[in-house]
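Since the structure comes first, as structure tokens, the remarks are kept for the end.
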Amino acid sequence: MCYELIQLVIEKNNLHDLDTWIFFKWIFKTFVAVLLVTNTWNIVMGVFDITQSVVNDSAGVIISDTSIDIATVITDIEAKLDAMSVGGLLGLWFQSLFVGLTMKALSICIMLVVYGRMIEIYLVTSIAPIPVATMVNREWGGMGQNYLKSLLALGFQAFLILVCVGIYAVLIQTIAATDDISGAIWSCMGYTVLLCFTLFKTGSLAKSVFSAH
């Protein structure tokens with residue numbers, strides 16, 4: 001606000017044409033700035049309450065069941081395994097071993113995306129008073145506006161994550177249409193890779209939608 005006062009004073013031809021009303025303007029801006037900084041936590045929580053209500057309303061529409069029971073997906077699996085040769089069983093074992101290790105690595109990546117978003121929320125909210133205090137300044141006001149856009153992007157990223165999981169759940173259910181054990185394993189892995197890739201894109205997508213940087 002000291003910087004704002006200096007701007008208002010020197011704006012009128014370097015003090016040659018000074019109006020007293022600018023001090024009332026500065027007092028009003030100071031009052032607004034103090035009010036915003038005092039209610040910073042309420043503003044931040046209000047943004048997340050809005051986004052959380054959107055996520056809660058969409059949770060009942062999007063399918064979130066991604067569990068797979070291989071016995072129900074592929075019927076008569078024991079009979080099909082008995083009919084396979086030793087070479088085919090060894091090949092299937094190597095495939096399942098490789099896919100199993102890959103799925104564990106992908107699950108770690110998905111966990112990093114979800115928990116990384118939570119840590120990012122804590123970090124962004126911890127410095128909220130600094131950008132909020134700049135919102136009434138003409139030159140520095142863009143910092144506060146961009147901060148609010150970043151909050152909206154973080155909040156709606158949860159909605160995008162939920163959409164990705166819903167699409168993944170629908171794709172997983174289509175595996176039941178195949179009778180090929182090897183094909184089902186690779187399809188599950190492919191869909192999980194797709195889920196991991198889309199989850200990594202949710203952050204940049206949400207920021208691009210709200211023009212946050």
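Each value in this text was obtained by applying a stated rule to the coordinates, not by laboratory testing. Owing to the predicted nature of the structure, the values given are computational and were not obtained by experimental measurement. Ideal geometry is used to build each Cβ from the backbone, glycine not excepted, and the neighbour counts take in all protein chains shown.
When Lys and Arg each count +1 and Asp and Glu each count -1, what net charge do the other residues less than 15 Å away from residue 157, Cβ to Cβ, add up to?
On the way: positive: 117, 149, 201, 207; negative: 120.
For residues surrounding residue 157, the net value is +3.
Give, as a single signed number, the net charge of other residues whose beta carbon lies under 15 Å from the beta carbon of residue 145, with Lys and Arg counted +1 and Asp and Glu -1.
Counting the neighbours of residue 145, the net charge comes to +2.
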